[in-house]
Amino acid sequence: MTPGDLTTAISELRRLIKDAGRIVPFTGAGISTESGIPDFRSPGGLWTKNKPIPFDAFKASRAMRDESWRRRFAIAETFESAQPGRGHRALATLYHAGKVPAVITQNIDNMHQLSGVDANDVVELHGNTTYATCLDCGERYEVAWVKEKFDADGEHAPDCACGGHIKTATVSFGQAMPSDAMQRAEELANNCELFLAIGSSLVVWPAAGFPLMAKHNGASLVIINREPTELDEFADLVLHHDIGDVLAPFVGN
């Protein structure tokens, strides 16, 4: 079902949410554009202007590590000033109402945590760019600290006290997906009554397989995305409307 008008779309979504006891949201970049965070994959996005730095290149080349950090500092203000949008707040409302056990996200922006979802219940498939870790010992570092050291040196990003390389806590191209997060996402997809795919193009695998996994295990599947996806034909409800407009009625007071 693909309702053409927003009122019908929201009404049908409300019915599905009301009838479901266990709802699992799966979010992509589209839910965060309202917060001012760009979809890096879209035309004109960051990745069309700067080719992503693969994980192997980051580890092998100090120049690539320095360039990676320069790019991160260039977008620091975007992430630091961003606030959760209506979509994030709606999911937080459902979470606090006991409908949503956890949120699976492809995003790295920390918006679900800021909206009120406990960090332990945000399953980050691609990591988090708001802090950094040592690739060797796992020590956590704040981005502001890395920038302070980078600026003081004038050329190079700092290494960890153990000698390991410090990298934003994100999953780069060629880097292994976090096994714990993938396992938990699979468990959530296999044990829900309603799966909400929100703001994702559903083309990045294996993450894009979770909606089908949920559907095959008996869950209703809803896809909310401005543009069509390859999985629309499998969904019980498809909403090609603005995500904030669709989810605004579900934001708690």
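The values are calculated or read from the model by the stated rules, or taken from the named source; none is laboratory data. The shown structure was predicted, so the numbers you read here are calculated from the model rather than taken from an experiment. Heads up, the Cβs are rebuilt from the backbone with ideal geometry, glycines too, and the neighbour counts pull from every protein chain shown.
Data table
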read-out	value
Test: residue in region 163-178 that is out of contact with any helix residue (DSSP H, G or I) (no Cβ under 7 Å at 6 or more places or on another chain), surrounded by fewer than 12 Cβ atoms within 10 Å (Cβ to Cβ) and closer than 26 Å to Lys51 by Cα	yes
Test for Asp136: is it out of contact with any helix residue (DSSP H, G or I) (no Cβ under 6 Å at 6 or more places or on another chain) and either surrounded by fewer than 21 Cβ atoms within 10 Å (Cβ to Cβ) or not charged (D, E, K, R) (or both)	yes
Odd one out for Ala90, checked against (1) out of contact with any Leu (no Cβ under 6 Å at 6 or more places or on another chain); (2) in the same structural domain as Ser220 (by TED's automatic domain parsing)	(1)
Some residue of region 166-173 being of a type in the set (Ser, Thr, Tyr), closer than 24 Å to Ser32 by Cβ and modelled with pLDDT of 95 or more	yes
Residue match in region 182-197 (condition: closer than 30 Å to His241 by Cβ, touching a strand residue (DSSP E or B) at 6+ places or on another chain (Cβ under 9 Å), at pLDDT 95 or above and aromatic (Phe, Trp, Tyr))	yes
Boolean, Lys215 is without any contact (Cβ under 8 Å) to a residue 24 or more places away in the chain, buried (at least 17 other Cβ atoms within 10 Å of the Cβ) and not polar (S, T, N, Q)	yes
Matching helices (runs of 4 or more DSSP H) fully within region 6-77 where at least 3 residues are more than 26 Å from Gly154 (Cβ to Cβ) and modelled with pLDDT of 90 or more	6-19
Residue in region 206-218 that is in contact with an Asp or Glu (Cβ under 6 Å, 6 or more places away or on another chain) and modelled with pLDDT of 95 or more present	no
Search result, residues across region 125-169 that are β-branched (Val, Ile, Thr) and out of contact with any Lys or Arg (no Cβ under 9 Å at 6 or more places or on another chain)	Thr130
